[in-house]
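Comments concern the structure below.
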Amino acid sequence: MKSRYLSALVCLTIVGGMFTLIGLRMGAAPMLNTIMHTAFDLLLNTCFYLMAICVITGALGKLFVEFGVVDLLETLLRPLMRPLFRLPGMASLGAVMTFLSDNPAIIALAKDRRFASHFRKYQYISLTNFGTAFGMGLIVIIFMISQGYFIEPLIGLFGAFCGCIVSTRMMQRFVLRAYPQYAEQPAIDLTPEEALSIQPEHEEEKSVFLRTLNSLLDGGKTGVDVGLTIIPGVLIISTLVMILTFGPSADGTYTGAAYEGVEALPALANEVSGLFRFLFGFTDPHQIAFPITALGAVGAALSLVPNFVRQGWVDGNAIAVFTAIGMCWSGFLSTHTAMLDSLGYRELTSKAIISHTIGGLCAALVAHLICMVAL
């Protein structure tokens, strides 16, 4: 009972202290108005926009699955799996599926016993890191293109690919160091009945029109679900990050309008601005808000970009770095524990988080180095 009261006091102290500090700077009424107005504007102008992208990309992804495009991509990518990721060729299917949807898709795929039977245990566990690095990839790239950039998101995609190699192989090394026997143990053994091949979902419908229509509608519904799941992260995380990132109104006062704040993150970033400029090429301290937000939710991180563009705080290099680190991290702090728990290896969560943190930083660094040469 005492520990419960203690945790309650700690929670109240942290939350109350944070709002007190912000309220002393902004004023209580302007602070509350800014929180509500920012959240409302994010809901209307960012969440629904992201949901529309999710619906379109979800429909496209389902269509690709139905008519074998995913199988074709898997065949093309399969030769890269073992030399780059130390994974069997079947893992390429996971990369394509998470790229078209979100990182938890790799867990749904890993739960398929036929799919899991192709992996050793250390490879199977590393799927958490491998799939996360491509999560929401198509959505991130399309969103960045919609902001007026084209080459930069593709550079970011390559950076995320490199970060995935680092994260996956580092996780495998951690697992083998802790459990050397996993190097030879299969992840799962199939019964003969489970070895049957999987048929396309709508193959029994002979009409190409019906298969197309059903695929588009099913994929669109999945996109709606994804769009709904990112709303809490965008509204909660982004609102807090924006209050800590932006400053007062143009005349220096707090009016309670959306996107006002106390500029705490830029002030902290200024203290180590040389490091961020060297590693990632960040030219503005506000840019640090994107990777911080991407740790918890990449959808929330994307919501920062339109305001950054309007304020003139980003350039091509920043977009490439945002794409790389946003794809690679893909909100992994909010999903890794649940993903590894569902696979049955919760005790390896800390190793997965360390590996993926380093992988995301490497992804951003690669994107920056390419931009220095190509842009």
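Matching residues to (1) touching a strand residue (DSSP E or B) at 6+ places or on another chain (Cβ under 6 Å); (2) surrounded by 20 or more Cβ atoms within 10 Å (Cβ to Cβ); (3) more than 25 Å from A116 (Cα to Cα):
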| residue | (1), (2), (3) |
| --- | --- |
| V298 | no, yes, yes |
| V305 | no, yes, yes |
| S330 | no, yes, no |
| M339 | no, yes, no |
| S342 | no, no, no |
| T349 | no, no, no |
| I354 | no, no, no |
| G360 | no, yes, yes |
| A363 | no, yes, yes |
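Would you be able to tell me the number of residues in the stretch 82-92 that are assigned to a helix (DSSP H, G or I) and surrounded by fewer than 21 Cβ atoms within 10 Å (Cβ to Cβ)?
Adding up the residues that qualify gives 3.
From the set of residues in the stretch 109-163 that are among the aromatic types (F, W, Y) and more than 14 Å from the chain's Cα centre (by Cα), which is surrounded by the fewest Cβ atoms within 10 Å (Cβ to Cβ)?
Going through the qualifying residues, I end up with F150.
Determine if the stretch 26-33 includes at least one residue that is surrounded by fewer than 19 Cβ atoms within 10 Å (Cβ to Cβ), outside any helix (DSSP H, G or I) and over 26 Å from the mean Cα position of the chain (by Cα).
Yes; the residues of the stretch 26-33 include at least one that is surrounded by fewer than 19 Cβ atoms within 10 Å (Cβ to Cβ), outside any helix (DSSP H, G or I) and over 26 Å from the mean Cα position of the chain (by Cα).
Looking at (1) farther than 23 Å from N45 by Cα; (2) out of contact with any Leu (no Cβ under 9 Å at 6 or more places or on another chain), which is the only condition V314 fails?
With (1) farther than 23 Å from N45 by Cα; (2) out of contact with any Leu (no Cβ under 9 Å at 6 or more places or on another chain) applied to V314, the lone miss is (1).
Is it the case that G247 is at positive phi, in a loop (DSSP other than H, G, I, E, B) and small (G, A, S)? Don't jump to the end; show me each part of the working.
Working: at positive phi: no; in a loop (DSSP other than H, G, I, E, B): yes; small (G, A, S): yes.
When the stated conditions are applied, G247 does not pass them.
What do you reckon, is I14 more than 26 Å from the chain's Cα centre (by Cα), surrounded by 13 or more Cβ atoms within 10 Å (Cβ to Cβ) and assigned to a helix (DSSP H, G or I)?
no
Out of all the residues in the stretch 64-73, is one or more at pLDDT below 85, of a type in the set (D, E) and part of a helix (DSSP H, G or I)? Break it down into steps so the answer makes sense when it comes.
If we filter the stretch 64-73 for residues that are at pLDDT below 85, which is where we start, we get 64-73.
Subset that is of a type in the set (D, E): 66, 71.
With the extra rule that they be part of a helix (DSSP H, G or I), the set shrinks to 66, 71.
Checked the stretch 64-73: at least one residue is at pLDDT below 85, of a type in the set (D, E) and part of a helix (DSSP H, G or I).
If you go through the stretch 221-231 one residue at a time, do you hit one that is closer than 30 Å to A91 by Cβ and either modelled with pLDDT of 85 or more or among the charged types (D, E, K, R) (or both)?
Yes, the stretch 221-231 contains at least one residue that is closer than 30 Å to A91 by Cβ and either modelled with pLDDT of 85 or more or among the charged types (D, E, K, R) (or both).
In the stretch 251-290, which residue that is more than 22 Å from G316 (Cβ to Cβ) and acidic (D, E) is surrounded by the most Cβ atoms within 10 Å (Cβ to Cβ)?
Per the stated criteria, the residue is E260.
Would you pick out the residues in the stretch 41-93 that are farther than 30 Å from M170 by Cβ, among the hydroxyl-bearing types (S, T, Y) and in contact with a helix residue (DSSP H, G or I) (Cβ under 8 Å, 6 or more places away or on another chain)?
Within the stretch 41-93, T46 is the sole residue that qualifies.
Tell me whether the stretch 310-332 contains one or more residues that are out of contact with any Cys (no Cβ under 8 Å at 6 or more places or on another chain), within 19 Å of L235 (Cβ to Cβ) and hydrophobic (A, V, I, L, M, F, W, C).
no
The values are calculated or read from the model by the stated rules, or taken from the named source; none is laboratory data. Everything numeric here is computed off the predicted structure, so don't read it as measured data. Glycine gets a Cβ as well: all are built from the backbone with ideal geometry, and neighbour counts include every protein chain shown.
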